[in-house]
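The values are calculated or read from the model by the stated rules, or taken from the named source; none is laboratory data. The structure presented is a predicted model; accordingly, all values stated were derived computationally and were not measured. Quick reminder, even Gly has a Cβ in these numbers, built from the backbone with ideal geometry, and neighbours come from all protein chains shown. The area values use the complete protein model at the heavy-atom level, side chains included, leaving out ligands, DNA and RNA. Shrake-Rupley method; radii C 1.70, N 1.55, O 1.52, S 1.80 Å.
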Amino acid sequence: MNIHAVVLAAGKGTRMNSSLYKVMHPLCGKPMIEHVVDALVPLALRNLVVIVGHGAEAVKEQLGNRVQYALQKEQLGTAHALWMSSGILGKQEGVTIVLNGDTPLVQSETLQELLDCHQAKQAAATVLTAVVDNPTGYGRIIRDENGAVRKIVEEKDATLGQKKVNEISTGIFCFDNRKLFATLPHVSNENAQGEYYLPDVLALLQEQGELVAASVAADAEEGAGVNDRVQLAYMEQLMRKRINERHMRRGVTMVDPNATYIDSAVTIGRDTVLYPGTVLLGQTRIGEGCQIGPHAQVKDMNIEDYTRVPPFSAFDGNRHTDRALAYAGAATSGQSYEQK
């Protein structure tokens, strides 16, 4: 079966109050959009399309030829954005995953579970949902008396009763591709925002007698989007916690994980100890049995096994390419690499 994906990334993101295109804001060492694309790559996609608008050139420069692009010149809603990919996907067989470019916490495993659910239920559409304590700002999942998904109501169009529903749409969907592109032209913009909403496709499919299913995410944060700097900082905190826990489970000791900052591409060997204030950036590779810090910063460096990086030091491989930290046995002998 062919699997396709569309990443909606055309919004300018005015609430970021920035000259930088929203999905290009960095999170743990790389732009949000790249985290989303990286989560999709393991799914062995036939087509991966990114919908761009404002700041299109920046996204194209970042992602290069890893993806295909479609341009949304006017921001008229998510259904309209998806329709911009019809030239690439409109006649394709298979299923299509649709998600937003500002959801950097989404993981490949969750997307695979969404696909599995969609296929197992032979649905025309499947929505990834989450149960949250505070659903404000999200589309609500409205189910019928049998528990089946009936529709998704956006916050601005929801009644007081619907706003109390705490099961929300993450904005991540899986569709039968043929049925999706046959239905998109029938989406109306008769709503509070005057936009063409992608969730309205679900109601239209149901009117045609098609099945709409739901897959509930184990981690509600995976579908959370970034709209401003406050949310960006919160996402960074969550991702940093995820990164640190992954390294610790692989044999790295962190004296204080809350005071340890590691970019997503960094690799660390087992039995290495990271002291408080350690900052590891870019493409840094740390070997086994090292001691880093406290208060040491390393960027784009290759640190050999059993090296000690001293406290209050900073090394940048882009500025000191002639330097190598290669003191095997340094940790056990008490030697260290002193910055000169």
Exercise for the section: Express the accessible area of the chain per residue in Å², computed with a 1.4 Å probe while the remaining protein chains stay in the model. Expected result: 47 Å²
Completion exercise
Of every hundred units of 1.4 Å-probe accessible area on the stretch 32-144, the number belonging to carbon and sulfur atoms, as a percent, is 46 percent
Practice task
Rank Leu205, Pro185, Gln237 by how far each Cα sits towards the positive end of the charge dipole of the stretch 182-240 (+1 on Lys, Arg Cβ; -1 on Asp, Glu Cβ) and give me just the farthest.
Solution key: Gln237
Exercise for the section: Kindly write out, for the stretch 177-191 in residue order, the coupling ³J(HN,Hα) from the Karplus curve 6.51 cos²θ - 1.76 cosθ + 1.60 (θ = phi - 60°), rounded to whole Hz, with x marking Gly and Pro. Expected result: 4, 4, 5, 4, 6, 6, 9, 3, x, 9, 6, 9, 10, 7, 8
Fill in the blank from the handout: The ³J(HN,Hα) series, computed from each phi in the stretch 67-74 with the Karplus coefficients 6.51, -1.76 and 1.60 at θ = phi - 60°, rounded to the nearest Hz and given as x for glycine or proline, is 9, 9, 10, 9, 9, 9, 6, 10
Handout entry: Amide hydrogen neighbours beyond the local backbone of Gln291, cut-off 5 Å, H modeled
Key = Val273, Thr307, Arg308, Val309
Practice task
Check cross-link reach from Lys163 to the lysines: straight Cα distance under 26 Å, and skip same-chain residues fewer than eight apart.
Solution key: Lys151
Problem - Net charge dipole size for the chain [Lys, Arg +1 and Asp, Glu -1 on Cβ; Debye, nearest 20] - result: 400 debye
Fill in the blank from the handout: Long-range amide H partners of Asp316, meaning residues 5 or more apart or on another chain whose placed amide H is closer than 5 Å, are Lys299
Handout entry: Residue among Ala81, Val106, Gln297 farthest towards the positive dipole end of the chain, charges placed on Cβ
Key = Gln297
Practice task
Return the calculated 222 nm mean residue ellipticity for the chain, to the nearest 500 deg cm²/dmol, obtained by summing -39500 (n - 2.57) across DSSP H runs with n ≥ 4 and dividing by the residue count.
Solution key: -7000 deg cm²/dmol
Fill in the blank from the handout: Once amide hydrogens are built 1.01 Å from N within the peptide plane, the residues lying 5 or more places from Val6 or on another chain with amide H under 5 Å from its amide H are Val49, Ile97, Val98, Leu99
